[in-house]
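The values are calculated or read from the model by the stated rules, or taken from the named source; none is laboratory data. These numbers come from a predicted model, not from an experiment. No Cβ is skipped: glycine too gets one built from the backbone with ideal geometry, and neighbour counts run over all protein chains shown.
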Amino acid sequence: MPELPEVEAAKRSLEKTVLGKVVARAEVLRPVALRTHSPKEFHRILEGRKISGVDRRGKALLIGFDQEWTLIFHFKLWGWVRYHPSNPRTDSATTAMVYFKDGSGMEFRELQLSTLDLVRTAELERVDFLAEMGLEPLSTALTLPRFRSLVQGRGNIKNVLSDQTRIAGIGNLWAHEILHAAGILPQRKADSLSEEEVEKLFKATREVLKKAVELGGEPEFQDALGNFGRYPLAVYNRENQPCPRCGKRIVHTRLGGRPSYYCPNCQH
Ligand SMILES: [Zn+2]
């Protein structure tokens, strides 16, 4: 499930490849994934438009066309955006393809519950999930006092950290990696954290995400150029494997119906 570092990797790889390109044709093969327009309208709106920007907000990728329209790719369970330098071809896993005038293409494929919405850029603020989204964890707006006010409540700290309306972009995978780096158990109640633990968590959030962005995200994710992420995960999906810090075996359990991983020795 792509989260902030993966969507950021997708964004950066698209900036390098599709920015400034002009759309020759836009094709939707799985109409159910495009929630706002029919395939015909999608083509009619995008034809002749130039890619004017690629942005990220939380786990969503925003692709601008002539600063008038924005295609929102909301990564949910899984999905890829792929750049094809030449001869873009669709297959049974293609959801949508944008063909450019120079012969290259941008493909959205294997979307599992992921959605595409085409909205007028001027109306972006009215898109519910964007309007409700919390602070970007790597922005300067997220100071330690702000962080302290956000990670409160009776819920477990893993859920609080991955609540998109508080902090945007952290999901189940990176919440567990951050909690391991901070030495805090995912099942702890947010309210039970000491001031010192909150500060540790704040630092870990920044450090882990910064490094994850630098390394292109988790190892199963591929950016638009097909480059895999290179971040060495410490706990996530590593049941029974040694903790990179202390060597004890990583524990796998379930927390609120989702898989949960931690080191019983380093995390308290
Ligand atoms: Zn450990």
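Selection of segment 94-116 for residues being under 20 Å from the mean Cα position of the chain (by Cα), acidic (D, E) and modelled with pLDDT of 95 or more yields only E107.
If you scan segment 56-114, which residues turn out to be hydroxyl-bearing (S, T, Y) and in a strand (DSSP E or B)? Spell out how you get there, then give the answer.
Looking only at segment 56-114, we keep the residues that are hydroxyl-bearing (S, T, Y), and these are 70, 83, 86, 90, 92, 94-95, 99, 104, 114.
T70, Y83, T94, T95, Y99, listed by residue number.
Tell me whether segment 52-74 contains one or more residues that are modelled with pLDDT of 95 or more and over 25 Å from M133 (Cβ atoms). No, segment 52-74 contains no residue that is modelled with pLDDT of 95 or more and over 25 Å from M133 (Cβ atoms). Residue pairs whose Cβ atoms lie under 9 Å apart, sitting 6 or more positions apart in sequence or on different chains, and linking a residue in segment 115-135 that is within 17 Å of E41 (Cα to Cα) to a partner that is of a type in the set (K, R), are T115/R35; T115/K76; L116/R35; D117/R35; L118/R35; V119/R126. Among the residues making up segment 27-56, those that are more than 22 Å from K101 (Cβ to Cβ) and surrounded by fewer than 18 Cβ atoms within 10 Å (Cβ to Cβ) are R30, P31, V32, R35, T36, S38, D55.
Taking segment 212-227 as the search range and keeping residues that are surrounded by 15 or more Cβ atoms within 10 Å (Cβ to Cβ) and not small (G, A, S), which one is farthest from A141 (Cα to Cα)? Reasoning before the result, please.
Residues of segment 212-227 surrounded by 15 or more Cβ atoms within 10 Å (Cβ to Cβ): 212-213, 215-218, 221-225.
From what is left, the residues that are not small (G, A, S) are 213, 215, 218, 221-223, 225.
On the way: V213: 18, L215: 24, E218: 25, F221: 28, Q222: 29, D223: 27, L225: 31 Å.
Checking each candidate, the answer is L225.
Cβ-Cβ contacts under 6 Å between residues 6 or more apart (or on different chains), taken from a first residue in segment 255-268 that is within 11 Å of the ligand (Cβ to nearest atom) to a second residue that is not in a loop (DSSP other than H, G, I, E, B), are listed as Y262/V251; P264/V251.
You will find that of H180, H176, the residue that is within 12 Å of the ligand (Cβ to nearest atom), assigned to a helix (DSSP H, G or I), touching a strand residue (DSSP E or B) at 6+ places or on another chain (Cβ under 7 Å) and in the same structural domain as G153 (by TED's automatic domain parsing) is H180 and no other. When E239, E196 are checked against the criterion of being without any contact (Cβ under 8 Å) to a residue 40 or more places away in the chain, within 16 Å of the ligand (Cβ to nearest atom) and of a type in the set (D, E), a single residue qualifies: E239.
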